[in-house]
Amino acid sequence: MILPGATLGLLGGGQLGRMFVFAARSMGYRVIVLDPEADCPAAQVADRHLAAAYDDEHAMELLARECAAVTTEFENVPAASLEYLAARVPVRPGANAVAIAQDRALEKTFLREHGLATARFAIVDDAEAIASALREVGAPALLKTTRLGYDGKGQARVDDLDSAQRAFAALGGVRCVLEERVALQREISVVLGRGADGEVRCYPVTENWHRDGILDISLAPARVAEETRTHAMSMATAIAAKLDYCGVLAVEFFVSSDGRLLVNEFAPRPHNSGHWTLDAAITSQFEQQVRALCGLPLGDTRVFGGAAMLNLLGDLWHGAQASAWENILRQPGAKLHLYGKQEARVGRKMGHVTCLGETPELALESALRLKGELGIS
Ligand SMILES: Nc1ncnc2c1ncn2[C@@H]1O[C@H](COP(=O)(O)OP(=O)(O)O)[C@@H](O)[C@H]1O
Ligand SMILES: [Mg+2]
């Protein structure tokens, strides 16, 4: 067990890292953040910030020397850096799990090999492979780059061979996955913590709505059939077990309109759809990450009532609503979180609000009311 007072290393300095740092520090740990960007959200609140590249030798050496354990909040850290660190300190989750999660082709192949249902897909290595991939998958489809996509970026809609070829060129001619476009009944996710001893704690299933490819609202506990809930949790638990995972893992699912439960993707870290756990669960996903990393007993994931989380994107800042904060702060049951980002770009995640209610329906109602009041479409 790595006890409070120890120093933890964190790769990545975005908002997920910031919330990890808050959790770690409130439990008495120190945190060193590695992120190339000066003044990034986690660096603002960490004990120390190394502003260097993720493969900077000096930074790696320092993390290995100073930290009792290292985790990540960002899946695009080079696997070689994780392997270098892992030879000297516990790194959780491990390089193998991160390498799979950061590459859609590896991720989907992993799921298929383990018998976990996904949308139909085919890997497209070059322009010649497009036609056969499209025959295999069928239209309509989505073409996604295998690496570095997020918030719907690095994806294009495909309706026929011509649009598939144009999409492949527009995405830069890099390796892609062509995927069946699923008619969605809804989207759900499971966030879980898994300890080094294999113990798993799942949070209640969350319902998610996206706008322009970006998560807009998450609602927990999800209003889905008991069967869907347990099936999703058992699939997420199986993924974690097959990855021999230690840490917090988030699994996104599609429920198709013809009733299939399909794994979309997974993230080797806390997830936007688990932010509500900060205010509504006994243990937040970030505290769970600290506990799993340090070999502490996993925390209680129970929730009382319902929670609806509304993302606050940079667009809201351009509306220059001075009254926005006042509006949120006056709302009963609403909790405001801001990430300390200086530049409010359109579509950039700047913060979120969690609306608490006695039931998920009441929580959702108040999030939708707030959304209307803030003028978010
Ligand atoms: N195959 C698909 N069928 C239908 N909708 C999809 C599909 N893939 C992605 N989407 C929609 O786009 C969103 C973002 O896609 P996702 O693959 O999760 O990438 P990201 O890494 O950007 O989160 C999904 O949450 C879903 O709303
Ligand atoms: Mg996603």
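The values are calculated or read from the model by the stated rules, or taken from the named source; none is laboratory data. For clarity, every value in this text was computed on a predicted model and none was experimentally measured. Heads up, the Cβs are rebuilt from the backbone with ideal geometry, glycines too, and the neighbour counts pull from every protein chain shown. Keep in mind that these areas ignore ligands, DNA and RNA; they rest on the heavy atoms of the full protein, side chains included. Shrake-Rupley method; radii C 1.70, N 1.55, O 1.52, S 1.80 Å.
Quick look at the values:
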quantity: Principal axis dimensions, largest first and in whole angstrom, of region 7-91 by Cα; calculated: 29, 24, 20
quantity: Surface accessible to a 1.4 Å probe, per residue, for the residues of the chain, Å²; calculated: 41
quantity: Portion, in percent, of the accessible area of the chain that falls on carbon or sulfur, probe 1.4 Å; calculated: 50
quantity: Region 184-373 pair-distance distribution - Cα-Cα, 10 Å bins, rounded %; calculated: 9, 36, 35, 17, 3
quantity: Along principal axes, Cα extents of region 244-302, largest first, whole Å; calculated: 41, 28, 16
quantity: More than 16 Å apart - percent of Cα-Cα pairs taken over region 1-52; calculated: 28
quantity: Charge dipole magnitude, Cβ of K and R +1, D and E -1 - the chain, Cα centre, debye nearest 20; calculated: 480
quantity: With all protein chains modelled, accessible area of Trp325 [1.4 Å, Å²]; calculated: 70
quantity: Between region 247-300 and region 181-232, the Cα center-to-center distance that results, in Å; calculated: 8
quantity: Given charges at Cβ of Lys, Arg, Asp, Glu: the chain dipole, positive-most of His114, Leu310, Ala334; calculated: Ala334
quantity: Calculated [θ] (222 nm, deg cm²/dmol) that DSSP helices of n ≥ 4 give over the chain, each run adding -39,500 (n - 2.57); calculated: -9500 deg cm²/dmol
quantity: Within straight-line cross-link reach of Lys153, lysines at Cα separation under 17 Å, skipping those fewer than 8 residues along the same chain; calculated: Lys144, Lys349
quantity: Cross-link reach list, lysines versus Lys242, counting only Cα pairs under 24 Å and skipping chain neighbours closer than eight places; calculated: Lys108
quantity: Normalised per residue, the volume of the convex hull around the Cα set of the chain (Å³); calculated: 137
quantity: Under 18 Å from the Cα of Lys371 - aspartates and glutamates, other chains or at least 8 residues apart; calculated: Glu207, Asp212, Asp216, Asp315, Glu326, Glu361
quantity: Of Tyr29, Thr228, Leu184, farthest towards positive along the dipole that unit charges on Lys, Arg, Asp, Glu beta carbons give the chain; calculated: Tyr29
quantity: Cα Rg over Rh - region 291-333, Kirkwood; calculated: 1.21
quantity: Computed log₁₀ I(q)/I(0) - Debye formula, equal Cα scatterers, no solvent, region 291-376, q 0.16 Å⁻¹; calculated: -0.69
